[in-house]
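To keep things clear, I will list the structure first and then write my remarks on it.
The values are calculated or read from the model by the stated rules, or taken from the named source; none is laboratory data. The structure displayed is predicted, hence computed values, not measured ones. With ideal geometry, Cβ positions are generated from the backbone for all residues, glycine too; neighbour counts draw on all protein chains shown. Just the protein is used for accessible areas: all its heavy atoms, side chains included, with ligands, DNA and RNA removed. Shrake-Rupley method; radii C 1.70, N 1.55, O 1.52, S 1.80 Å.
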Amino acid sequence: MADKSKTSEAPVLAATETAQAPSPARKIYPIVKYGDPVLEKAGVPVKKFDAELEELAEDMFASMYAAQGVGLAAPQIGKSLRLAVVDVTGGKNPEAKIVLANPEIIHAEGEVREEEGCLSIPGFRGYVMRPQFVTIKAQNAKGEQFEIRGENLLARAFCHEIDHLNGILFLQHLSMLKRDLIKRKIKKLRKQGEW
Ligand SMILES: [Zn+2]
């Protein structure tokens, strides 16, 4: 990524469309917001591992950094695919970039209740219980199988992104009261043309 030291320089919050591309070759996708049905449907497995998929994964990293996120799933850019990218360093460490194609949780341990947000539900956060440790298996952008263990924020990011690939949003993990409150506020924003 060309912008590894620049993420904190991008003060734009709402401007996924206007965010400057970190490298001229990268496409910055606008992020789909809550209410779009693509977010609530399961993605199809990635079957073709080619240059196009590698490009897509890199564009997803660029789009995620532009939106100042630590994880992005393909449905969030309108593609119903079992593909996600995660980087809990926000682009500061290139080795922290993880492409997850067809990921599955194979082991989970412990519980942590932490506040969580989602690029598709900007401005809203809620406390969600997630495992403290998670081991997942997935394929990288070349189709190679690997296993990786995450702890705390990384475990949370894995769970959050895998949820996206199953059409599940963090709202579904909140109490009904909290969830309805957020949904009502979003409805109001939508009416005002602000969503
Ligand atoms: Zn999300």
Being open to solvent by less than 30 Å² (accessible area, probe 1.4 Å) and among the polar types (S, T, N, Q) narrows it down to one residue among Thr89, Thr135; which is it?
Thr135
Failed item in (1) closer than 16 Å to Asp163 by Cα; (2) within 12 Å of the ligand (Cβ to nearest atom); (3) hydrophobic (A, V, I, L, M, F, W, C); (4) open to solvent by less than 30 Å² (accessible area, probe 1.4 Å), with Met64 passing the rest
(1)
Could you figure out which of (1) within 16 Å of the ligand (Cβ to nearest atom); (2) open to solvent by less than 20 Å² (accessible area, probe 1.4 Å); (3) closer than 16 Å to Gly69 by Cβ; (4) not charged (D, E, K, R) isn't true of Leu174?
(3)
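Pick from segment 118-132 the residues that are open to solvent by 40 Å² or more (accessible area, probe 1.4 Å) and farther than 23 Å from Lys187 by Cα: which of them is farthest from the ligand (Cβ to nearest atom)?
Among residues in segment 118-132 that are open to solvent by 40 Å² or more (accessible area, probe 1.4 Å) and farther than 23 Å from Lys187 by Cα, the one farthest from the ligand (Cβ to nearest atom) is Gln132.
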Taking Lys185 as the residue in question, decide whether it is more than 16 Å from the ligand (Cβ to nearest atom), closer than 21 Å to Phe49 by Cα and touching a residue at least 60 places away in the same chain (Cβ under 8 Å).
no
Single residue of Ala51, Ala73, Ala42, Ala57 found to be open to solvent by 20 Å² or more (accessible area, probe 1.4 Å) and touching a Leu at 6+ places or on another chain (Cβ under 9 Å)
Ala42
Right, Phe146: of a type outside the set (A, V, I, L, M) and surrounded by 15 or more Cβ atoms within 10 Å (Cβ to Cβ) or not?
no
Here's a check for you: in segment 147-171, which residue that is aliphatic (A, V, I, L, M) and not in a helix (DSSP H, G or I) is nearest to the ligand (Cβ to nearest atom)?
Leu169
When you check Gly90 against the structure, is it at pLDDT below 95 and either more than 23 Å from Glu55 (Cβ to Cβ) or in a loop (DSSP other than H, G, I, E, B) (or both), yes or no?
yes
Is there a residue in segment 95-108 that is of a type in the set (S, T, N, Q), touching a residue at least 40 places away in the same chain (Cβ under 8 Å) and open to solvent by less than 80 Å² (accessible area, probe 1.4 Å)?
yes
Taking the condition touching a helix residue (DSSP H, G or I) at 6+ places or on another chain (Cβ under 6 Å), among the basic types (Lys, Arg) and surrounded by 15 or more Cβ atoms within 10 Å (Cβ to Cβ), does Arg179 pass?
yes
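Answer yes if at least one residue in segment 121-144 is hydroxyl-bearing (Ser, Thr, Tyr) and outside any strand (DSSP E or B), and no otherwise.
Among the residues of segment 121-144, not one is hydroxyl-bearing (Ser, Thr, Tyr) and outside any strand (DSSP E or B), which makes the answer no.
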